[in-house]
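Chemist: One structure, as structure tokens, below. Some questions next.
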Amino acid sequence: MSDPKETINIENVVASTGIGQELDLQSVAMDLEGADYDPEQFPGLVYRTQEPKSAALIFRSGKIVCTGAKSTDDVHQSLRIVFDKLRDLEINVNEDPEIVVQNIVTSADLGHNLNLNAIAIGLGLENIEYEPEQFPGLVYRLDDPEVVALLFGSGKLVITGGKKPEDAEHAVDKIVSRLEDLGLLE
Amino acid sequence: RLRKWQERIRTKDAGERNLQFALSEIDRMASALGVPRSVREVASVIYRRALKEDLIRGRSIEGVATSALYAACRKEGIPRSLEEISEVSRVERKEIGRTYRYISQELGLEMKPVDPKKYVPRFCSELELSEEVQTKANEIIETTAEEGLLSGKSPTGYAAAAIYAASLLCNEKKTQREVADVAQVTEVTIRNRYQEQIEAMGIHS
DNA sequence: GCTTTAAAAAGTAATCT
DNA sequence: AGATTACTTTTCAAAGC
């Protein structure tokens, strides 16, 4: 009855951007409180924002990766905070650098338990990966939209690899109709 | 020209030596596991196919050989868990699992998920349990799996719980620790699967 | 390939009380 | 026997080894 699309929830958004300027991460790490910088371990400086919650990886090249946001809106808000923090350190940052969403992770609920063994055979062993000894989820790669879905016995699923929120909706629609055609839903 | 010819010989010799090493490793591990010759043959066919398809580049020969053996055991219907396989290999469990999934995908092996019932005879004989217990365990697995209880669960833990439950029902009780040891899973996993299974079977004891 | 960051799903596991 | 913490899978960018 209820549309599984309604249960879709964005769990994580990864985006990249850049201030067209080289940075001295050592001094940024000194002046920016809460910054984690360990070049021996990883070349990026980690800066966490509280509201909205996210983690930004800032690189020497001036390129920045933002992870952990719950929406594309939060990504922009988080990065706005990061840009302002850098400006406080007398670093010139353009008003609105281009932000590119690289990956969106979504969760959803089909509302029925799933027989993953039957689904593995039904979808075709060549199209899926299901190794319950290694991981409880069945991995299903879709061509259109180009995303990867993880299906669980509870009927919950994770959609990842999409660039737009609509990718997850289209993926859920396709999965639901495939499973219905196979008579494996409910 | 002479150099090219020598290089070819060198490459050919190296390739031949690597193949021989891989096949002898498969033989060694298969012996240690006590699997029949047919499994070693299937494993060597899988290894040669992986070699032909150039899937070994960037991976260790041992890793691919071990994964080929793991896949062969499953294909032949006498699966060994990754834990058991890793005990006779010098490659760690995580790497075997990762390499297996890669060659399985690339070679299109179309591996079906392991049926927990395949572990019942071996685990039961190691525990010296009767034929009656085996039959009961298979019945529990069959019935509960049809109800969808198997989805996402590890086949070894599932089989272990069914054997534990069957041993109780047949008055040949084995402790959770004894079953956990032969199946190489934890007692916690057996308890969790056991509770679900007896509930689904409508058994109260 | 690896390193780090985030997040969900569910199973398994190690450790502590 | 719980509870807690942590690790397994997928995705993606960044710079450097």
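The values are calculated or read from the model by the stated rules, or taken from the named source; none is laboratory data. These numbers come from a predicted model, not from an experiment. Cβ placement follows ideal geometry from the backbone for every residue including glycine, while neighbour counts extend to all protein chains displayed. Just so you know, the surface numbers come from the protein's heavy atoms only, side chains and all, with ligands and any DNA or RNA stripped out. Shrake-Rupley method; radii C 1.70, N 1.55, O 1.52, S 1.80 Å.
Chemist: Please find, among B:Gly108, B:Gly97, the residue that is out of contact with any His (no Cβ under 7 Å at 6 or more places or on another chain) and either at negative phi or open to solvent by less than 20 Å² (accessible area, probe 1.4 Å) (or both). Can you show your working first?
Modeler: Values: B:Gly108 fails: either at negative phi or open to solvent by less than 20 Å² (accessible area, probe 1.4 Å) (or both).
Going through B:Gly108, B:Gly97 in turn, just one is out of contact with any His (no Cβ under 7 Å at 6 or more places or on another chain) and either at negative phi or open to solvent by less than 20 Å² (accessible area, probe 1.4 Å) (or both): B:Gly97.
Chemist: Do we find that B:Lys136 is within 14 Å of another protein chain (Cβ to nearest Cβ), away from DNA strand C (no atom under 12 Å from the Cβ) and either over 22 Å from the mean Cα position of the chain (by Cα) or at pLDDT 95 or above (or both) in this structure?
Modeler: Considered against the rule, which asks whether it is within 14 Å of another protein chain (Cβ to nearest Cβ), away from DNA strand C (no atom under 12 Å from the Cβ) and either over 22 Å from the mean Cα position of the chain (by Cα) or at pLDDT 95 or above (or both), B:Lys136 comes out as no.
Chemist: Considering segment A:152-168 alone, what residues qualify as being part of a loop (DSSP other than H, G, I, E, B) and at positive phi?
Modeler: Within segment A:152-168, just A:Gly155 meets the criteria.
Chemist: Still on this structure: Please determine, by comparing only the residues of segment B:169-196 that are among the aliphatic types (A, V, I, L, M) and surrounded by 17 or more Cβ atoms within 10 Å (Cβ to Cβ), which one is nearest to DNA strand C (Cβ to nearest atom).
Modeler: Checked segment B:169-196; the qualifying residue nearest to DNA strand C (Cβ to nearest atom) is B:Val185.
Chemist: Additional query: Search segment A:47-58 for residues that are open to solvent by 10 Å² or more (accessible area, probe 1.4 Å) and pair each with any residue that is in a loop (DSSP other than H, G, I, E, B) and not charged (D, E, K, R) when their beta-carbon atoms are under 7 Å apart and the residues are at least 6 apart or on different chains.
Modeler: Every condition considered, the pairs that remain are A:Tyr47/A:Leu32; A:Tyr47/A:Gly34; A:Tyr47/A:Ala35; A:Arg48/A:Gly34; A:Leu57/A:Gly44.
Chemist: Out of all the residues in segment B:122-131, which are open to solvent by less than 20 Å² (accessible area, probe 1.4 Å) and either in a helix (DSSP H, G or I) or touching a His at 6+ places or on another chain (Cβ under 8 Å) (or both)?
Modeler: Once the filter is applied, which keeps residues that are open to solvent by less than 20 Å² (accessible area, probe 1.4 Å) and either in a helix (DSSP H, G or I) or touching a His at 6+ places or on another chain (Cβ under 8 Å) (or both), segment B:122-131 yields B:Phe123, B:Cys124.
Here's the yes/no breakdown for (1) free of Cβ contacts under 8 Å to residues at least 40 places away in the same chain; (2) closer than 27 Å to A:Leu184 by Cβ; (3) in contact with a strand residue (DSSP E or B) (Cβ under 6 Å, 6 or more places away or on another chain):
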| position | (1), (2), (3) |
| --- | --- |
| B:Val114 | no, yes, no |
| B:Val133 | yes, no, no |
| B:Glu146 | yes, yes, no |
| B:Gly157 | yes, yes, no |
| B:Glu178 | no, no, no |
| B:Gln195 | yes, yes, no |
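Chemist: Still on this structure: Looking only at segment B:144-182, filter to residues that are in contact with a helix residue (DSSP H, G or I) (Cβ under 8 Å, 6 or more places away or on another chain), away from DNA strand D (no atom under 16 Å from the Cβ) and within 14 Å of chain A (Cβ to nearest Cβ); which one of those is farthest from B:Glu199 (Cα to Cα)?
Modeler: B:Ala159
Chemist: Pick out the one residue from A:Gly137, A:Gly161, A:Gly155 that is within 19 Å of A:Asn9 (Cα to Cα), within 14 Å of chain B (Cβ to nearest Cβ) and within 12 Å of DNA strand D (Cβ to nearest atom).
Modeler: Unique residue meeting the criteria: A:Gly137.
Chemist: What are the pairs, 6+ residues apart or on separate chains, where a residue within segment A:164-185 that is in contact (Cβ under 8 Å) with a residue 12 or more places away in the chain has its Cβ under 7 Å from a residue that is acidic (Asp, Glu) and in a loop (DSSP other than H, G, I, E, B)?
Modeler: none
Chemist: How many residues are open to solvent by 10 Å² or more (accessible area, probe 1.4 Å) and in a helix (DSSP H, G or I) if we restrict to segment B:56-84?
Modeler: Qualifying residue count, segment B:56-84: 5.
Chemist: Next up: Any idea which of A:Ala149, A:Ala171 is in a helix (DSSP H, G or I), surrounded by 18 or more Cβ atoms within 10 Å (Cβ to Cβ) and under 17 Å from the mean Cα position of the chain (by Cα)?
Modeler: One residue alone meets the criteria, A:Ala171.
Chemist: Name every residue in segment A:118-130 that is facing chain B (nearest Cβ under 9 Å), open to solvent by 20 Å² or more (accessible area, probe 1.4 Å) and either in a loop (DSSP other than H, G, I, E, B) or free of Cβ contacts under 8 Å to residues at least 12 places away in the same chain (or both), in order of residue number.
Modeler: A:Ile121, A:Leu125, A:Glu126, A:Glu129
Chemist: Looking at (1) within 30 Å of B:Arg59 (Cβ to Cβ); (2) within 14 Å of chain A (Cβ to nearest Cβ); (3) open to solvent by 20 Å² or more (accessible area, probe 1.4 Å), can you tell me which one B:Tyr119 breaks?
Modeler: The one condition B:Tyr119 does not meet is (3).
Chemist: Which one of the conditions (1) within 13 Å of DNA strand D (Cβ to nearest atom); (2) under 19 Å from A:Gly161 (Cα atoms); (3) open to solvent by less than 50 Å² (accessible area, probe 1.4 Å) does A:Ser71 fail to meet, given that it meets all the rest?
Modeler: All conditions are met except number (1).
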